[in-house]
Structure formats: structure tokens, C-alpha cells
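Colleague: Please find one structure pasted underneath; my questions will follow.
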Amino acid sequence: MALSARNRLTGTVRSIEVEGPIAEVVLDVDGSEVTATITSGSVDRLGLEEGDEATAVVKASDVMLAN
């Protein structure tokens, strides 16, 4: 699938927590955690399971940093 987003982080699914219609998926990307909140339907449709390889695609108009 071709996407315009260039910010892609590939990692391993470490955990999936489903609460009703929402799921929190945590990826291990080279030792760092990336967390995505997606629908539980998307977890099913993608067939995501712990240990799977997945790619987080980040598309944002703003990125904020704080120190």
C-alpha cells in the first residue's frame, strides 16, 4: 500500500489492551516504546497479535516538544 506519510517506525508488538471499542497497542521500536490508540476492530482487521511486526505511520501537522 502506498502512503504519503514518510514517518514510519517498524517494530514488534509488545502488548495489546482492548477496552470495548478502543485498543492500545504498544510497539517496541529499537528499545523505545511507541503507543497507538486504535479501534478494536482495526486490531481484528489487521490480525495484530503480540510478537507480530508492525509499522506505526505518523502523520501530523504539528509536533510539540517540552523540556
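No lab work stands behind these numbers, since they all come straight from the coordinates. Since the structure is predicted, the reported quantities are computational estimates derived from the model, not experimental observations. Heads up, the Cβs are rebuilt from the backbone with ideal geometry, glycines too, and the neighbour counts pull from every protein chain shown.
Colleague: For a quick check: with amide H placed at 1.01 Å from N, whose amide H comes under 5 Å from Ile22's, ignoring anything fewer than 5 positions away on the same chain?
Modeller: Amide H neighbours of Ile22: Ser40.
Colleague: What is the gain in length, in nm to one decimal, between Asn67 and Thr35 on full extension, counting 0.36 nm per residue of separation less the C-alpha to C-alpha distance?
Modeller: Result: 9.5 nm gained on full extension.
Colleague: Can you give the calculated 222 nm mean residue ellipticity of the chain, where each DSSP H run of n ≥ 4 adds -39,500 (n - 2.57) and the sum is split over every residue, rounded to the nearest 500 deg cm²/dmol?
Modeller: -2500 deg cm²/dmol, from helical runs alone.
Colleague: Now a separate question. What distance in nm separates the two pseudo spin-label positions at Thr12 and Glu24, each 7 Å out from Cα along the beta-carbon direction?
Modeller: 2.2 nm
Colleague: About its Cα centre, how strong a charge dipole does the chain have in debye, to the nearest 20, once Lys and Arg get +1 and Asp and Glu get -1 at the Cβ?
Modeller: About 420 debye.
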